[in-house]
Structure formats: C-alpha cells, structure tokens
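Here is the structure we will look at, set down as structure tokens.
Here, each number is a calculation from the coordinates, and none is a lab measurement. Given the structure is predicted, the values throughout are model-derived calculations rather than measurements. Neighbour counts run over all protein chains shown; Cβ positions are idealised from the backbone, glycine included.
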Protein chains: 2
Amino acid sequence: MRDDSAMDDPNQPPVEPTRKPRGTGRRLNGAVAHKLGLAILAGEYAPGDTLSGEIAFAEELEVSRSAYREAVQVLMAKGLVESRTKTGTRVLPRSRWNLLDPDVLAWAFAGEPDVDFVRNLFELRAIVEPAAAGLAAERRDKVDLKVMKDALAEMRRHTLSSELGRAADRDFHTAILQATRNDALLTLSASIGAAVNWTTQFKQRGRTLPRNALPDHLRVYEAIAASDASEASQAMRVLVDLALDDTRAAMGRR
Amino acid sequence: MRDDSAMDDPNQPPVEPTRKPRGTGRRLNGAVAHKLGLAILAGEYAPGDTLSGEIAFAEELEVSRSAYREAVQVLMAKGLVESRTKTGTRVLPRSRWNLLDPDVLAWAFAGEPDVDFVRNLFELRAIVEPAAAGLAAERRDKVDLKVMKDALAEMRRHTLSSELGRAADRDFHTAILQATRNDALLTLSASIGAAVNWTTQFKQRGRTLPRNALPDHLRVYEAIAASDASEASQAMRVLVDLALDDTRAAMGRR
DNA sequence: CTCTCCTGAATTACTCGGACATATGGCTGA
DNA sequence: TCAGCCATATGTCCGAGTAATTCAGGAGAG
C-alpha cells in the first residue's frame with residue numbers, strides 16, 4: 001500500500017495515506033471524543049458556545065461525519081454538550097456536566113488542574129472516605145483484612161515515590177471500599193481517588209518531601225481490624241487531610 | 001426489505017412507513033440507548049454476556065447500524081459495555097458501571113429497584129448530605145437563605161403528597177448544596193437525590209402516612225441560618241434517616 | 001514426539017461517503 | 001402581528017471497504 005502505483009489514476013501520489021498515529025490504541029471516534037472533551041474541560045469552548053456544524057467540524061478534524069457524531073454522542077452522554085436539530089451542538093453549563101464521570105475527571109486533570117476543583121474533590125473525599133473507613137470497620141471480613149495487609153506490605157517494600165508503591169496505596173484504599181459492601185460508594189471513591197492520585201504523581205515531580213505515610217495507613221488498618229469504627233474514621237480523616245496539605249503545598253507553589 | 005418486489009414500482013404504498021412513535025421526543029438513537037440501558041440494568045443481559053453482532057442486533061431492533069452504534073457508544077461512555085473488534089460488544093462487570101451517572105440511575109430505578117442498591121444509595125446520601133448541610137451552615141449567604149426559606153414556604157403550602165410540594169423539597173435540598181460552593185458535591189447529591197425521590201413518588205402510591213416532614217426541614221434551616229454547622233449536620237442526618245425509614249417500610253411491604 | 005512460535009484466514013467492529021428525512025428558527029408576505 | 005413557507009443543521013439510513021484481533025494449523029526447535 002506504500003506507493004503501489006495506481007488504482008486507476010497513476011499520477012496521483014496519494015498525499016501520504018495519513019499515517020494515523022491516533023495516540024494510543026484508542027479508536028478514531030474515541031480519540032475525537034477525547035480531544036473534544038479535553039478542549040471543553042480546558043475551557044476552549046465555553047458553556048453556551050455552539051460548535052461549528054457536523055460537516056464543517058468533521059472535515060476540520062479530518063474524520064468522517066459518523067466518527068464525529070459518535071464522539072458527540074459520548075460527550076452528550078456525559079452531559080458536556082447538547083445537540084438539537086437546527087440549533088446545532090452547544091456546550092452545556094458546567095452545572096449539567098457529570099463531573100464525577102471518570103473520563104470527565106481525567107480530562108479535567110489532563111491540563112493544568114483547576115485549584116478550586118481540586119479543593120472541592122478533596123472536600124468530597126474528606127467526607128466520603130472517613131465514613132467509608134468506619135463502615136469497613138463494621139463489615140470487613142478476614143479476606144478484606146488480608147488484602148489490606150498485603151497492600152500495606154507492598155507499600156512498605158516500594159515507597160510512594162515509585163509507581164508500584166502508589167499502586168499498592170490504591171489497592172489499600174480500594175480494599176477498604178470493597179469492605180463497605182457498597183457499590184455506589186466504591187464507584188464514587190474510585191473515581192475521586194484516581195483523579196486525586198493523578199495529581200499525586202504530578203505532585204511528586206515537584207521534589208516534595210516523601211513524608212512516610214505508612215504509620216498513618218497502619219493506624220487505619222489497625223482500627224479496621226479491631227472493628228473500631230470511630231477510630232478508623234478518624235484515622236482516615238487524618239490521612240486525607242495530610243494528603244490535602246501535600247497537594248496544596250505542591251500546587252500553591254506554582 | 002419485507003417483500004420488496006419493486007423499488008421502482010410506483011403503485012406501491014410502501015407498507016405504511018412505520019409511524020415511528022419513539023416514546024417521547026427522544027431521538028431514535030437515544031431511544032435505543034434507553035432501551036438497551038434499561039435491559040442491562042434490569043439484568044436481561046448479565047455482565048459477561050456478549051450482544052449479537054452489530055448487523056444482527058440493529059436489524060432486530062429495526063434501526064440502522066449507525067443508530068445502533070451511536071447507542072452503544074453512549075452505553076460505552078457510561079461504562080456499561082465494552083466493544084472490541086472480533087470479540088464483539090459485551091456487558092462489563094457491574095463494578096465498572098458508572099452507577100452515579102444520572103441516566104444509569106434512572107434506568108436502575110425504572111423497573112423494580114433493587115433493594116440493596118437503594119439501601120446503598122441511602123447510605124451514601126446519609127454520608128454526604130449531613131456533611132453538606134454542615135458546610136452550607138458555614139458558607140451560606142443571604143441569597144441562599146432566602147431561596148431555602150421560599151422553598152420551605154412552598155412546601156408548607158402544598159404538602160409532600162403533591163408534585164409541587166416535592167419540587168419544593170428538591171429545591172430546598174438543592175439550595176443547601178448550592179450553598180456549599182462545591183460543584184462536585186452538588187453533582188453527586190443532585191443525582192442521588194433525584195434517584196431517591198424517584199422512589200419517593202413511587203412510595204407515595206403505597207398509601208403511606210404523610211408524616212409531616214416540615215418541622216425537621218425547619219430545624220435544618222434554622223441551624224444553617226444560625227451558622228451552626230454541627231447542629232445543621234445532625235438535623236440533616238435525622239431527615240435522611242427518616243426518609244430511609246419511610247422508603248424501607250414502603251419497599252419491605254412488597 | 002512435544003512444545004513453541006509464526007503465519008494466515010476468518011470474523012467482528014470501525015470508518016467512510018453520500019443520500020434522504022425530519023425538525024425548527026427565521027424570514028416573508030398577508 | 002401572525003400564519004405559513006424555507007433554508008439549514010441535525011438525524012437516519014445504506015453499502016462498501018478497512019483494520020484489528022482471535023483462532024487454527026503448520027513449521028521448526030528441543
């Protein structure tokens with residue numbers, strides 16, 4: 001398919017068949033959705049703005065109208081845009097966005113994360129996670145405890161400055177949420193946690209002091225193992241507050 | 001495609017062009033997404049099941065492949081299904097669903113709501129709303145208070161047994177969330193609240209005692225007006241607990 | 001003889017282009 | 001001022017062709 005001469009018209013050097021890199025494994029429509037979502041979250045299209053028509057925009061992005069439309073459907077599903085005949089596709093007010101959708105969160109944190117929004121997320125996390133720890137203390141079984149313990153061991157081995165260590169940290173929190181036996185709680189906190197850790201990694205590169213977080217985690221674990229709900233809740237609260245302090249310091253610096 | 005005989009044959013009244021009722025104002029692709037989402041949430045397609053191919057399924061639903069695909073994109077955006085080439089599109093495990101997406105919640109509550117899931121949502125609400133009331137007590141301004149007061153007046157005029165009364169109730173809660181100055185909190189609680197009130201209306205038809213909820217609401221309002229965070233939080237907790245009792249009673253009866 | 005790796009064929013979703021349908025905001029004429 | 005037409009943008013459909021991935025079968029090494 002390189003320069004195989006001609007299909008019909010020989011003198012047409014097919015203008016480089018558009019080596020489509022397409023970022024990573026993502027399909028074309030997904031890539032378009034990603035791009036548009038990013039642009040909207042970054043504020044390039046403000047709420048109330050109306051996108052140029054399907055044909056025009058699809059052409060501009062060099063994709064077919066089908067691919068473009070499917071991307072718009074995705075954005076619509078996440079409450080970012082609304083699309084009506086004759087009116088066109090317009091960006092909805094921020095209050096209609098599904099801010100807790102994992103993709104939306106990812107888009108929000110892709111660029112320079114909005115400081116206020118990060119604060120809001122931490123506030124939500126500070127509400128939900130301690131309560132979750134309390135519930136976990138009441139409902140955990142032996143398997144839950146084992147998973148938490150293993151995660152802590154992993155955290156000890158690799159520190160939080162390595163990817164493996166952060167993965168173990170995530171596992172620990174996930175194990176706690178799992179122990180609450182509450183799917184909604186798990187979904188919520190998983191999204192927030194992912195987004196927040198998104199900033200953690202980003203915070204690390206700001207040569208912050210790797211304060212040893214293990215003792216705090218251990219305190220949460222002990223309380224949950226002892227079925228002490230209020231202690232678990234309080235310990236988790238400390239954990240979240242410390243994380244907020246770190247992130248705030250790293251972000252305020254810029 | 002039925003008994004096509006002739007495309008060009010003019011005297012063919014084309015078998016009644018299928019007056020498409022399409023439910024309500026919804027576009028065709030939206031309707032398909034609705035239908036599929038409903039079916040998945042209802043458990044007609046279990047996690048791990050793989051849908052019959054695009055061509056087959058689209059044909060079965062009597063829509064074009066484009067419409068079907070756009071619907072699937074929506075479901076994919078909400079984490080309900082995954083679609084890979086050669087494997088087909090399959091329903092994802094429940095843990096990957098965006099349970100807090102407004103549409104997903106609506107689909108979940110469309111049929112017979114799962115008792116456990118309702119309990120989980122109330123649990124989440126019991127965590128979030130009291131905390132929100134506490135924050136509102138600290139941050140509310142005069143405008144917030146006025147909106148709340150007006151909503152309470154409306155609630156007094158019409159009772160909770162009328163739609164207007166319930167709308168006023170929603171306004172009251174929304175005003176509180178608005179006063180927290182936290183978008184994420186607002187998005188979350190708005191979704192949950194909507195879903196929960198979805199069961200409220202449904203609970204009413206079970207001739208439950210219309211216990212007067214106004215005093216409880218008033219207590220929350222007073223605490224917020226007085227900037228008493230802990231009192232506001234506690235009062236809201238009472239409110240949520242009572243709502244849970246009502247709903248549990250109404251649901252347990254069946 | 002067995003196991004592994006490579007290659008190709010089949011299947012499925014993905015992308016495209018173009019035609020037609022539908023709805024709606026705005027213009028026009030009474 | 002208002003009813004009704006009309007331009008326009010999204011919605012729906014179709015059919016052809018592309019790309020990616022699984023699976024089976026065969027060649028080669030141990």
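Label 7 Å along Cα→Cβ of A:ALA42; the stretch A:83-118 residues with amide nitrogen under 18 Å? Of the residues in the stretch A:83-118, A:91, A:103-115 have backbone N under 18 Å from the label point off A:ALA42. First check a/c for the stretch A:120-195, with a ≥ b ≥ c the square roots of the eigenvalues of its C-alpha gyration tensor; if it is under 1.5, answer rounded, and if not, answer prolate when a/b is larger than b/c or oblate otherwise. Judged from the Cα gyration tensor, the stretch A:120-195 comes out oblate (a/c at least 1.5, b/c at or above a/b). Each label point was placed 7 Å from the Cα along the Cα-to-Cβ direction; for A:GLU62 and B:LYS86 their separation is 2.8 nm. Ellipticity at 222 nm from helices only: DSSP H runs of n ≥ 4 in the protein assembly as shown, each -39500 (n - 2.57), divided by the residue count, give -20500 deg cm²/dmol. Across peptide B:61-72, the mean count of Cβ atoms from other chains lying within 10 Å of each residue's own Cβ comes to 2. With the convex hull of its Cα atoms as the shape, the protein assembly as shown has an orientation-averaged projected area of 31.8 nm².
Starting from 0.36 nm per residue, how many nanometres of slack lie between A:GLU163 and A:THR50 once their C-alpha separation is accounted for?
36.6 nm
If one computes P(r) from the Cα atoms of chain B, what percent of pairs lie at distances over 22 Å?
63
Coupling constants for the stretch A:235-246 follow from the phi torsions by the Karplus curve (6.51 cos²θ - 1.76 cosθ + 1.60, θ = phi - 60°), and in residue order they are 4, 5, 4, 4, 4, 5, 4, 5, 4, 4, 4, 4 Hz; glycine and proline get x. Using a Förster distance of 35 angstrom, determine the FRET efficiency expected from the C-beta separation of B:LEU145 and B:ALA110, and round it to 0.05. The calculated FRET efficiency here is 0.45.
Using the Kirkwood radius over Cα pairs, work out the Stokes-Einstein diffusion coefficient for the stretch A:18-112 at 37 °C and 0.692 mPa s, in µm²/s as a whole number. In µm²/s, the coefficient is 243.
Between the stretch B:96-164 and the stretch B:28-58, the alpha-carbon centres lie 29 Å apart. Quick note on the stretch B:112-252: its Rg to Rh ratio, both from C-alpha atoms and Rh being the Kirkwood radius, is 0.95.
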